[in-house]
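Down below is the structure, laid out as structure tokens.
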Amino acid sequence: MTGIARTASPETIGETSAIVAGFTGSIAYIAGGTDLIIALEQGFRPDMIVDISRMEALNFVEINFKHVRIGAATPVSALTKLNELHKGIAALSQAAEQFGSAQIRNRATLGGNIASAKPAGDLLPVLMCLDCHIEVLCRDGSTKKLALDEVVTDSGTTSLDNGDLITAINLPLQLGDNPISAFGKIGRRRELTIARLNLTVLADYQTETSLARDIRIVAGAIGPVPLRLKCVEQELRGRKVDQTFADDFLGALTGAVDAAIPGRYSQTYKRQAVMGLGLDVLQSLFGREFSLPACLRGMT
Amino acid sequence: MNFLKQDNLLITEPALKQEPIVLQINGVEYRDYTTATKTLSQFLRETAGLTGVKTGCNEGECGACTVLVDNKPVNSCLILAFQAEGRQIITIEGLLGADGTLSPLQQAFLDYGAVQCGYCTPGMILAAEGLLREIPNPDDREIRRALAGNICRCSGFLNIIKAVKSVASQTDTPVVA
């Protein structure tokens, strides 16, 4: 049996680099610990645990007109009000708001959600939809910037090397002139629930003409990694947002679920549920009411 | 070789941390030579003897082990003890007044019959205490959300919410000019 030889609690990026550069064994970074400690309980034994929860350089939100940069160890509870700063990242706030419990939100971090790469991780589809770039500090001191799908490659699997540290997440917010976004999820209960299905939509919305000039849609908990629904996007891009738009959106979502999980036991449930979820997200996104498609009216 | 008896598991941990872990709990300093993977909940119960901290699921679902760390409610089963060094930790024992009087929330839980078997009570009170320290006069929705991470297996939630609400409404909220 191997025990843990070392712990470290660096306070700066420089200290972290110095600690990990000279260390040859395996490293696990811990911030909130809400996933890592469960892995430790199950027998995971890295050679060194590096606590990054004290590093102020990893706990920040920088925001300007077309750019948001968030420190990787920023707790989820600090993300719930970001929508007040920029409506393009409302989806991230909404996902943070529905994330775990108050206790979990006070500890869990954005970087940790990426590193854990859980299929039902609520922040991952949002980050993919908002086209994030993930800043990584490598063990040798070099840095790299990667898209979410370059980092999260499979269920519980990332492309990161041992000792790589996620330092920040960049959200460019460059989808047209008026990016707006919304997030919704369905779980078995309302609070502290693991998503059966979640959905993020980002649109460049021209208010005067009600045109969705551009749109990005990502679903989560429907495969090992978040799934961008390009076929749904194609159907809606450049269209006027009205009830026909909503009908086609919800119909296309069902088609996307059928394509993503054909024959899975949950397909029958999720192909219907995704329409209710889609309706919630549309209403949150555009701030007005839509009806369910004709085939579902009267069922609720 | 250090043997930790926890629940029904016998955990063996051969590698000890070189430096002692020093924690500030309820204003008192505790130190111990311990393993790096020891969780805060284990430290609180086994090292500090503060058995008001209950452990249920050990994975952040039940909230029984909730304590305040720098005034924020967290699951002490999901923090490693060494991560809490330098932080102010408050357990249910720390809510008592210097003369042993119960805190307003503790008293309200008794007054409203919000304690049944009692296992969830310390975590429930600390989750509520954390809420009231952040939002002195929360509404029903805020109370329910703040307690969503705490499970009462006796299902006595309504009286718990009433108890928290009674303390919330006692708090004088200054009118902002």
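The values are calculated or read from the model by the stated rules, or taken from the named source; none is laboratory data. Everything quoted here is computed from the prediction, not taken from an experiment. Neighbour counts are summed over all protein chains in view; Cβ atoms, including those assigned to glycine, are modelled from backbone coordinates with ideal geometry. Accessible surface is based on the protein model in full, side chains and every heavy atom, while ligands, DNA and RNA are left aside. Shrake-Rupley method; radii C 1.70, N 1.55, O 1.52, S 1.80 Å.
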When chain A is modelled as a GNM with alpha-carbon springs shorter than 10 Å, which of A:Glu135, A:Glu150, A:Glu41 fluctuates the most? A:Glu41
Region A:205-300 shape via C-alpha gyration tensor axes, a/c threshold 1.5: oblate
Got a number for carbon plus sulfur as a percent of region B:27-79's accessible area, 1.4 Å probe? 41 percent
Between 0 and 90°, nearest 10: helix A:243-260 axis offset from chain A longest Cα axis: 50 degrees
For chain B, set up a Gaussian network in which alpha carbons nearer than 10 Å are linked by springs, and say which option among B:Ala64, B:Ala36, B:Ala163 fluctuates the most. B:Ala36
Most fluctuating residue given options A:Thr80, A:Thr167, A:Thr207, as computed from a GNM of chain A linking Cα atoms under 10 Å: A:Thr207
Across A:35-43, the residue-averaged tally of Cβ atoms belonging to other chains within 10 Å stands at 4
I'd like the per residue volume of the convex hull spanned by the Cα atoms of chain B, given in cubic angstrom. 124 Å³
Using the structure shown, list the pairs from B:Lys72/B:Lys165; A:Lys81/B:Lys72; A:Lys66/A:Lys118; A:Lys87/B:Lys72; A:Lys87/A:Lys240 with a Cα-Cα distance above 24 Å, or answer none. A:Lys66/A:Lys118; A:Lys87/B:Lys72
Leaving out ligands, DNA and RNA, calculate the buried accessible area for the pair B and A with a 1.4 Å probe, summed over both sides, in Å² to the nearest 100. 2800 Å²
For peptide B:75-88, what's the mean number of Cβ atoms from other chains within 10 Å of each residue's Cβ? 5
With the other protein chains left in place, how much accessible area per residue, in square angstrom, belongs to the protein assembly as shown at a 1.4 angstrom probe? 44 Å²
What share of the DSSP beta bridges in the protein assembly as shown is antiparallel, in percent to the nearest 5? 85 percent
First measure r as the distance between the Cβ atoms of A:Glu11 and A:Thr209, then evaluate 1/(1 + (r/R0)^6) with R0 = 51 Å and state the FRET efficiency to the nearest 0.05. 0.50
Rounded to 0.05, the calculated FRET efficiency for the beta carbons of A:Thr24 and A:Ser159 at R₀ = 25 Å is 0.70
Relative to the longest principal axis of the C-alpha atoms of chain B, give the angle of the C-alpha long axis of helix B:121-134, reported between 0 and 90° and rounded to the nearest 10°. 70 degrees
Alpha-carbon radius of gyration plus Dmax, which is the widest Cα pair, for region B:104-170 in Å: 10.3, 28
In region B:127-154, what residues drop by 40 Å² or more of accessible area when the other protein chains are put back, versus the chain on its own? Use 1.4 Å, and skip ligands and nucleic acids. B:Arg145, B:Ala148
Over all pairs of different Cα atoms in the protein assembly as shown, the reciprocal of the mean inverse distance gives a Kirkwood radius in Å of 23.9 Å
Applying the gyration tensor rule to the Cα atoms of region B:50-111 (axes a ≥ b ≥ c; rounded if a/c under 1.5, else prolate if a/b exceeds b/c, else oblate), the class is oblate
